[in-house]
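Chemist: Right, I'll just put the structure down here and ask away after.
Only the coordinates and a few stated rules stand behind these numbers; no lab work does. No experiment lies behind these values; they were computed from the predicted model shown. We place every Cβ from the backbone using ideal geometry, glycine too, and count neighbours over all the protein chains shown.
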Amino acid sequence: MSELTSLPSWRSLESHYEVMKGMKLSELFHEDSNRASRFSVEFGDLLLDYSKNLITQETMDLLLSLADECGLRQSIDAMFGGDAINRTEGRSVLHIALRNRSNRPIMVEGRDVMPDVNDVLVRMCEFAYKVRAGEWLGYTGVPIKNIVNIGIGGSDLGPKMACEALKAFGQKDLNMYFVSNVDGFHIADTLSGLCPDETLFIIASKTFTTLETMTNANTARDWALMAFGSKAAIAKHFVAISTNAELVSEFGIDTKKMFGFWNWVGGRYSMCSAIGLPIMLQIGPKNFMSMLDGFHAMDEHFRTEDFSKNLPVIMGLLGVWYNNFFNAQTYAILPYDQAMHRFAAHLQQVDMESNGKYVGKDGKKVKWQTGPVIWGEPGTNSQHSFFQLLHQGTKLIPADFIGFCRSQTPIGTHHKVLMANFVAQTEALAFGKSTVDVLAEGVAPELAQHKTFEGNRPTNTLLADELTPYTLGVLMALYEHKIFVQGVIWNVFSFDQMGVELGKVLAKNILKDFEAGKKAELKHDASTNAIVKRLIERM
Ligand code: F6P
């Protein structure tokens, strides 16, 4: 493939941008009475209305040509076909196999992975049934009431996000807790109210070497040993989720109590693997399977649908349009649903760890922008914090508004108020309010500019009927594949995360300095030396 910026479609998009940058959304809607339906697609009960974007049909045609010229179709086929597309680590990328509900064979190195996937799912279901039915007893013969997941990054964010989002489907007498931060406060605070007899720990770590997770896991084991006074208790109160059986058993967890997954599952793409065990424990195997069905339905849509009607492709391309032509630096994800309050946090890892890369597949520095800064909070809270900047700031911030027609918790007028705000915000962002209208309301001329809204702020509206396990699966797979599309266009390897390694190595060195205390021979730069020294003296 020739370099991205030399592709004919890229060149055409550059010239097209010169025309589009002066366009007004209000005019585009005025000119085309069909615009809302022209730029909307439906997938089941999920509507993606992308008409409030700074686009015309020509924009979309050029972006779709860009996808073709970048070989998106071949890349999708390569991923679904099990090719080792994670080339820097020599691995296939098959999170889609974890939720392959059709059970069609998916081959890695000549072997179908589906029997292994199904075996682990069966074991997870058996375990979840037992715990949820109160049949899994702790060391003192008491059923489990508290589940503490210890993990970080992909071994925390996805399951935590889903457990929050699907709390309405949870078992009321089972409490889920997530400990991720190595800051001792996190585990101490979590354990402070818990009774050891009723508490089960899930140690979730793909590698079983992550310093934060292992530090927290050791503290949890000490807490349990202190409470029970016997190593035999570990078998009843600890299970592991990992790809590293050796280290799991070294830690003291019998590998019969380990739920495995495989190196072709990236940490941030692992919530459908055994890493999703806390989700299954909370919502039950049936609902978990329904979530997998949702993922799978979107996987199939992505794999087979024409690009012009393909939700992840459309959203990915729109993201490229703003990132690379409008120079938008960030992208906001705004769910209008309090249960989705960790959705943006999870997507931060999935997106930024995947596409936050300046080296292209050819090993050279790319000459274009890659992954944006992803951020967001649920509405309506966000309206009262950062929306001022979205409406009247100097930066262009494209945003996804995600909402549901029906509430998980219908109470009085709450949902109508919530959704009125949901709709009003995208309307205000797109069309603003003119100075003429402001003055016509009798506003003093010296205040008129301050009360004017330029509008023209692009948004997508994603609207589904209700937040269910199935819908959550659909939404998550949509974003995973959107990120894939963008990685293909930007020509980066989306499935490694080498950028997190250096900090880990340096932290281990500094830990050694701390351990040596005043005898440490500090060999860092002057600033780092001074900070380490100050910490050693005062810690
Ligand atoms: O932060 C880097 C990372 O490797 C993530 O990609 C991963 O999700 C997280 O650490 C946790 O890793 P593990 O599951 O191996 O403990």
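Chemist: Give me the one-decimal nm value for the distance between modelled label points at ASP173 and ALA428, 7 Å along each residue's Cα-to-Cβ direction.
Modeler: For ASP173 paired with ALA428, the spin-label model returns 4.7 nm.
Chemist: Just round it to a whole percent: the fraction of Cα-Cα distances in the range 336-449 exceeding 24 Å.
Modeler: 47
Chemist: Moving on to the next point. Rule-of-thumb check for the range 266-313: C-alpha Rg over 2.2 N^0.38 Å?
Modeler: After normalising by residue count via 2.2 N^0.38 Å, the value is 1.36.
Chemist: With an 8 Å cut-off on Cα pairs and a minimum separation of 6 or more residues, tell me the relative contact order of the chain in percent. Working shown, then result.
Modeler: Details: 882 pairs, mean separation 97.5, N = 539.
Once divided by the residue count of the chain, the mean separation gives 18 percent.
Chemist: Using Cα-Cα distances under 8 Å and only pairs 6 or more residues apart, what relative contact order does the range 63-108 have, in percent?
Modeler: Across the range 63-108, relative contact order equals 28 percent.
Chemist: Would you mind pulling out the separation of the Cα centroids of the range 320-392 and the range 186-216, in Å?
Modeler: Comparing the Cα centres of the range 320-392 and the range 186-216, I get a distance of 30 Å.
Chemist: If packing is taken as the average number of other Cβ atoms within 10 Å across a peptide's residues, how do 334-342, 494-502 rank, most packed first?
Modeler: Ranking the peptides 334-342, 494-502 by packing returns 334-342, 494-502.
Chemist: Pop the C-beta distance of LYS24 and GLU300 into the FRET formula with R0 = 41 Å and round what comes out to the nearest 0.05. Kindly include the intermediate steps, with their values, before the conclusion.
Modeler: Details: r = 38 Å, r/R0 = 0.93.
About 0.60, to the nearest 0.05.
Chemist: Take every DSSP beta bridge whose two residues both sit in the chain, then give the antiparallel share in percent to the nearest 5.
Modeler: 30
Chemist: Here's a follow-up. With an 8 Å Cα cut-off and a minimum separation of 6 or more residues, compute the relative contact order for the range 302-425 in percent.
Modeler: Contact order relative to length: 32 percent.
Chemist: Have a look at the chain and give its Rg and Dmax from the Cα atoms, expressed in angstrom.
Modeler: That works out to 25.1, 78 Å for Rg and Dmax.
Chemist: Then there's this: Among 276-283, 297-304, what's the highest-first ranking by average C-beta atoms within 10 angstrom per residue?
Modeler: In descending order of packing, they fall as 276-283, 297-304.
Chemist: Sticking with this one: For the range 33-74, give the magnitude of the charge dipole about the Cα centre (Cβ charges: +1 Lys/Arg, -1 Asp/Glu; no others), in debye to the nearest 20.
Modeler: Computed charge dipole of the range 33-74: roughly 120 debye.
Chemist: What list of whole percents do you get for P(r) of the range 175-258, with Cα-Cα distances grouped in 10 Å bins up to the one holding the largest distance?
Modeler: 17, 55, 27, 0
Chemist: Among LYS160/LYS257; LYS206/LYS508; LYS206/LYS256; LYS167/LYS309; LYS21/LYS433; LYS256/LYS482, which pairs are too far apart, with a Cα-Cα distance over 25 Å?
Modeler: LYS167/LYS309; LYS256/LYS482
Chemist: Shifting gears a bit: Subtracting the Cα-Cα distance from 0.36 nm times the residue separation, let me have the gained length for SER37 to LEU506 in nm, one decimal.
Modeler: In short, 163.5 nm is gained.
Chemist: Show which aspartates and glutamates lie in cross-link reach of LYS523 when reach means a straight Cα distance below 12 angstrom and same-chain residues fewer than eight apart are skipped.
Modeler: Candidates past the 8-residue exclusion: ASP513.
Chemist: Moving on. Calculated from DSSP H runs of 4 or more alone, at -39500 (n - 2.57) each and per residue, what is the 222 nm mean residue ellipticity of the chain, nearest 500?
Modeler: Values: 22 runs with 252 residues, N = 539.
Taken over the chain, the calculation gives -14500 deg cm²/dmol.
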